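The values are calculated or read from the model by the stated rules, or taken from the named source; none is laboratory data. Model, not experiment: these values are computed from the prediction. So basically every Cβ, Gly included, is an ideal-geometry build from the backbone, and we count neighbours across all protein chains shown. Side chains are part of the model used for accessible areas, which takes the heavy atoms of the whole protein and leaves out ligands, DNA and RNA. Shrake-Rupley method; radii C 1.70, N 1.55, O 1.52, S 1.80 Å.
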Amino acid sequence: MDSNETPVNGSANGATNGDGLPPPPPVPPNMTPIVVGVEKSIEPLKKKNMRVPMTRRGLGTKGQRIPLLTNHFKVNVANVDGHFYHYSVALFYEDGRPIDGKGAGRKIIDKVQDTYGSELAGKEFAYDGEKSLFTVGALPRNKLEFTVVLEEISSSRNNDNSSPTADGSPNESDKKRARRPYRSKTFKVEISFAAKIPMIAIANALRGQESENSQEAFRVLDIILRQHAAKQGCLLVRQSFFHNDVKNFTDLGGGVLGCRGFHTSFRTAQGGLSLNIDVSTTMIVQPGPVVDFLIANQNVRDPFSLDWAKAKRALKNLRIKVHPSNTEYKISGLSDKPCSEQLFTLKQRSKDENGESENIEITVWDYFVNMKNRTHLSWSKDVPCINVGKPKRPTYIPMELCELVSLQRYTKALSTFQRSSLVEKSRQKPQERMSVLSHSLKINNYAAEPLLKSCGISINNNFTEVEGRVLSAPKLKVGRGEDFFPRNGRWNFNNKLLVEPSKVEKWAVVNFSARCNCRDIVRDLIKCGNMKGVEIEPPHVIIEESPQNRRLPPVARVEKMFEEIQSKLPGAPMFLLCMLPERKNSELYGPWKRKNLADFGIVTQCMSPMRVNDQYLTNILLKINAKLGGLNSMLCVEHSPSIPIVSKVPTLILGMDVSHGSPGQSDIPSIAAVVSSRHWPLISRYRASVRTQSPKTEMIDSLFKPVPGQEDKVDKDDDGLFREALMDFYYTSGKRKPEHIIIFRDGVSESQFNQVLNIELDQIIEACKYRDEQWSPKFTVIVAQKNHHTKFFQPKSPDNVPPGTVIDNKVCHPRNNDFYLCAHAGMIGTTRPTHYQVLYDEIGFATDDLQELVHSLSYVYQRSTTAISVVAPICYAHLAASQMGQFMKFEESSDTTSSHNGMSAPPVPQLPRLDPKVTNSMFFC
């Protein structure tokens with residue numbers, strides 16, 4: 001369980017626990033206690049009644065049963081009677097200044113334990129590296145103060161030296177300091193009692209009674225594992241750790257390595273407490289000579305071709321080792337001049353006639369080569385020095401002496417090439433992943449961890465056995481009334497017609513690509529369409545980009561192309577096919593889409609004519625058909641219609657997602673998308689509404705936005721995302737309002753469940769009431785999580801789990817209503833199941849019916865002929881948000897603008913609205 005899981009009350013519905021205590025009596029959900037004789041206080045209590053995640057109603061039974069293994073390892077807890085004691089830690093320098101930098105804390109606390117073991121009653125610490133420390137049982141006193149001396153501290157602080165100590169410093173005081181046994185520093189440590197956490201909270205959580213105490217107890221267990229990894233010299237990233245072993249490194253290009261490590265977290269489940277271990281990957285800077293990293297990072301031949309402004313940004317705050325002493329420093333910048341020209345003031349031992357030290361001006365190069373005898377230095381004389389000092393007191397070192405330390409995270413956004421390389425190189429087949437995880441348990445040797453021993457915790461080395469059920473694939477309907485069952489989560493349109501083909505007329509082709517034969521592609525596309533039942537008329541014209549326009553900026557190229565379109569077409573086209581010059585991330589894509597969808601309301605399909613074959617053309621045709629209002633395939637149960645509950649009562653299905661800027665782009669607005677079903681009782685047709693919101697904000701704040709001055713109107717309007725969905729459903733579903741609304745929400749963690757239920761759902765309910773006070777639809781809210789670490793394996797089989805595999809036992813939550821579903825066929829790597837958390841269900845679905853609906857919604861994705869890993873409405877929301885995000889290329893603000901001088905953040909720029917002609921199309925498909 002994550003330490004930030006939402007506290008909820010209630011029973012585990014019979015979940016067993018290790019201490020043999022009977023489960024507490026079930027508390028009805030949403031019960032408000034009534035105090036006798038205080039009737040007046042009941043009404044306010046009702047208003048504050050918060051929705052909490054619902055309890056599980058029962059397990060599913062449909063599907064063929066299949067034995068599986070999972071990467072959860074059973075944890076036995078023998079000691080539930082004791083307490084964890086939480087102490088706050090304050091660290092100071094000798095002069096009383098607090099230590100602000102990270103990194104020194106663990107060394108200082110280790111030294112406290114070594115030096116003062118007897119005064120601490122021999123207690124083991126679980127220290128989080130910052131301000132919290134935990135013990136099993138109490139320390140001798142509630143407040144303890146210690147002084148410790150460390151012989152060596154790494155370079156996070158630099159003693160205000162004006163140049164490096166052990167590597168030959170121009171500063172006399174540094175020479176004296178270097179003659180000491182080593183640099184030693186004195187620190188003061190204060191440890192104060194903060195709280196007491198009963199271990200029984202762990203047992204209570206296993207019965208579904210989660211509380212702040214249980215969250216804290218699991219946090220302590222996670223900190224013990226992090227500390228265990230830190231003592232092995234690992235890089236720690238949240239709950240993942242990475243060993244410094246070249247076998248785990250893989251080159252991604254550009255001076256960036258993928259580093260493979262492990263994620264660990266304690267989870268409460270129906271089967272008890274388990275440790276979830278999974279393979280994890282992070283990006284690190286290529287260790288070794290600084291210049292090698294820079295050459296790879298900028299893809300140049302030698303140091304003399306480097307862009308030093310870029311180099312300075314890339315190196316800032318990275319740690320280096322300096323030869324030959326191996327002293328560590330943090331890079332603060334680069335010198336303005338080359339090493340052979342960069343001067344500094346060197347104090348001389350000799351005194352003048354007044355008895356004062358003489359100072360001479362000398363270059364960094366002369367100092368290191370002539371005075372420190374670093375005669376092997378060669379090329380670094382002509383490039384900047386590395387500065388490890390402070391802005392006003394620089395400390396320069398020739399680049400040839402500097403090596404980047406290993407295991408330093410690379411946090412900037414990856415290029416397209418690096419990202420695809422990372423995905424490709426971090427794939428592991430199921431059996432390989434299992435063997436790596438088994439090996440990880442052995443090398444970590446948790447049985448020897450003293451703190452786990454004192455908690456009475458032991459971890460089983462075997463993968464947990466669970467039972468899965470394989471749901472049958474839903475029957476699909478295509479053209480000519482033909483029905484068929486997909487096999488292994490896949491199908492094709494060979495010799496099949498699309499179920500509702502559109503007609504492509506009044507269209508044209510624009511070609512931004514110099515290497516493309518458009519006429520052949522158009523001929524093959526028309527032929528492919530005819531075979532699938534899509535009638536494609538010959539295009540009115542093929543417009544080639546003028547060669548002199550190719551060097552213009554992207555927006556200007558698009559403008560010029562539209563001038564051509566307007567001059568060569570008799571009227572507005574219904575559809576434009578666009579040939580882009582690059583396969584991925586063409587800079588023309590965003591401006592082209594914006595011009596078509598927002599300015600002119602023209603449906604458009606982009607393609608990159610690199611390798612055009614039948615499969616590629618079929619995929620393009622599927623997208624074109626969906627965008628023009630056609631339907632490629634549909635579920636037989638929506639055609640009949642016979643989906644339990646959904647087909648009987650007008651039901652609106654929503655997919656909601658928020659996409660954020662890349663790492664390091666903190667000022668780029670986030671984009672919220674709401675995708676909604678239309679033409680009930682169908683569940684295969686969707687439309688999208690999109691808005692910008694504050695950067696990195698996960699909760700959608702624009703679901704309901706009343707328009708000022710509408711209060712007295714009968715037919716009131718609001719400008720929220722939900723209104724657009726509602727109005728479209730009403731007009732496409734026989735003027736019916738939805739009585740049931742099913743919300744699929746992507747991208748939120750356990751800690752945000754309460755906000756989804758009490759902020760986002762409230763906005764939607766408010767929007768309903770705003771339109772009609774008497775209207776009270778019923779809601780079901782389901783969160784889909786892909787960002788988790790649970791995997792499933794078939795015992796003794798090299799294959800991934802079959803598509804349609806659902807698991808709702810053993811590793812699922814002891815109380816909450818959740819299940820895992822692998823709807824798709826994992827062809828490469830190990831299948832990542834989607835974790836569906838049913839937070840709220842007023843509609844009252846039977847467990848099997850809801851699981852089957854979710855499974856079916858993985859088969860209605862119009863862009864592909866495979867079952868997809870998460871329900872189609874969520875995939876569409878993700879597509880709509882990312883495509884509309886391309887409309888606006890936001891300017892990156894400078895570092896100084898992020899604080900906005902203490903004033904409120906600047907207004908978020910709004911996305912351009914789509915032209916009404918394409919608003920309700922599947923433009924995102």
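The angle between the Cα long axis of helix 104-115 and the longest principal axis of the Cα atoms of the chain comes to about 60 degrees, rounded to the nearest 10.
Under the combined filter of DSSP loop state and at most 14 neighbouring Cβ atoms within 10 Å, the range 81-156 retains these GluC sites (Glu not before Pro): Glu94, Glu130, Glu151, Glu152. A simple rule links phi to the HN-Hα coupling: the Karplus curve 6.51 cos²θ - 1.76 cosθ + 1.60 with θ = phi - 60°, which for the range 237-252 gives 10, 6, 9, 10, 9, 9, 7, 7, 9, 4, 5, 8, 9, 9, 6, 9 Hz, with x for Gly and Pro. With the convex hull drawn around the C-alpha atoms of the chain, the volume per residue stands at 224 Å³.
For the range 246-379, just say rounded, prolate or oblate: build the C-alpha gyration tensor, square-root its eigenvalues into a ≥ b ≥ c, call rounded for a/c under 1.5, and beyond that prolate if a/b exceeds b/c, oblate if not.
prolate
For the pair Met827 and Gln64, label points projected 7 Å from Cα toward Cβ lie 2.2 nm apart. For the range 727-841, what is one quarter of the convex hull surface built on the Cα atoms, given in nm²? For the range 727-841, averaging the hull's shadow over all directions gives 9.6 nm².
Which one, Leu576, Phe512, Val534, is farthest towards the positive end of the dipole of the range 493-585 when Lys and Arg carry +1 and Asp and Glu -1 on their Cβ? Positive-end residue among those listed: Phe512. Computed from Cα atoms alone, the Kirkwood hydrodynamic radius reported for the range 561-605 is 11.3 Å. Taking the 1.4 Å solvent-accessible surface of the chain as the whole, the part contributed by carbon and sulfur is 49%.
Heavy-atom accessible area, probed at 1.4 angstrom with all protein chains present, ranks Met371, Met699 as Met371, Met699, highest first. Using θ = phi - 60° in the Karplus curve 6.51 cos²θ - 1.76 cosθ + 1.60, the 3J(HN,Hα) couplings for the range 626-643 round to 5, 5, 8, x, x, 9, 7, 8, 8, 6, 4, 6, 8, 7, 4, x, 8, 7 Hz; x is entered for Gly and Pro. The value of relative contact order for the range 597-712, using C-alpha pairs under 8 Å at least six residues apart, is 18 percent.
Residues Arg226, Arg745, Arg313 ordered from highest to lowest accessible area at a 1.4 Å probe: Arg313, Arg226, Arg745. Here's how it looks for Arg685: its modeled amide H is under 5 Å from those of Arg678, which are all 5 or more places away or on a different chain.
Just the Kirkwood number for the range 555-682, please: inverse of mean 1/r across all distinct Cα pairs, in Å, one decimal.
18.2 Å is the Kirkwood radius here.
From its DSSP helices (H runs of at least four residues, each -39,500 (n - 2.57)), the chain gives a residue-normalised ellipticity at 222 nm of -6500 deg cm²/dmol.
Beyond 29 Å in Cα-Cα separation lie the following of the pairs Lys627/Lys737; Lys593/Lys696; Lys337/Lys372; Lys247/Lys791; Lys595/Lys735; Lys188/Lys337: Lys595/Lys735; Lys188/Lys337. Using the Cα gyration tensor of the range 455-602, with a ≥ b ≥ c the square roots of its eigenvalues, what is the shape: rounded (a/c below 1.5), prolate (a/b larger than b/c) or oblate (neither)? Oblate, since a/c reaches 1.5 and b/c is not below a/b. Pairs from the table (Lys475/Lys527; Lys131/Lys316; Lys123/Lys231; Lys429/Lys796; Lys111/Lys196) lying more than 23 angstrom apart at Cα are Lys475/Lys527; Lys131/Lys316; Lys111/Lys196.
Heavy-atom accessible surface of Cys402, to the nearest 10 Å², is about 0 Å², with a 1.4 Å probe and all protein chains retained.
With a 1.4 Å probe and all protein chains kept in place, how do Met531, Met54 rank by accessible area, largest first?
Numbers: Met531 115, Met54 25 Å².
The most accessible residue leads, giving Met531, Met54.
For the range 409-524, the share of alpha carbon pairs falling in successive 10 Å distance bins from zero is 8, 15, 18, 25, 16, 10, 7, 1 percent. Rounded if a/c is under 1.5, else prolate if a/b is larger than b/c, else oblate: which is the range 398-440, with a ≥ b ≥ c the root eigenvalues of its Cα gyration tensor? Note, shape of the range 398-440 comes out oblate.
D by Stokes-Einstein for the range 56-143, Kirkwood Rh over Cα pairs, 25 °C, 0.890 mPa s: 143 µm²/s. Dividing the mean sequence gap of close Cα pairs (under 8 Å, 6+ apart) by how many residues the chain holds gives a relative contact order of 14 percent.
The mean accessible area for residues of the range 819-895, using a 1.4 Å probe and ignoring ligands and nucleic acids, is 30 Å² per residue. For the range 254-412, relative contact order (Cα pairs under 8 Å, six or more residues apart, normalised by length) works out to 25 percent. Each residue of the range 485-490 is assigned a 3J(HN,Hα), and the resulting list reads 9, x, 10, 6, x, 9 Hz, derived from the Karplus form 6.51 cos²θ - 1.76 cosθ + 1.60 (θ = phi - 60°), x at Gly and Pro. Evaluate the Debye formula for the range 492-576 with equal point scatterers sitting on the alpha carbons, no solvent, and hand back log10 of I(q)/I(0) at q = 0.12, 0.20, 0.24 Å⁻¹, in q order, two decimals. Summing over Cα pairs of the range 492-576 leads to -0.45, -0.95, -1.15. A simple spin-label model places pseudo-atoms 7 Å from Cα toward Cβ; at Trp379 and Asp110 they are separated by 3.7 nm.
Summarising the amide proton neighbourhood of Gly333: residues at separation of 5 or more, or on other chains, whose placed amide H is nearer than 5 Å comprise Asn387.
The order of the peptides 631-641, 442-452 by mean Cβ neighbours within 10 Å, most packed first, is 631-641, 442-452. For Val466, nonlocal amide neighbours, meaning residues 5 or more places apart or on other chains whose placed amide H falls under 5 Å from its own, are Leu68, Leu69, Thr70. Simple rule: put +1 on each Lys or Arg Cβ and -1 on each Asp or Glu Cβ in the range 399-512, find the dipole, and look at Pro430, Phe484, Cys455; the Cα lying farthest toward the positive end is Phe484.
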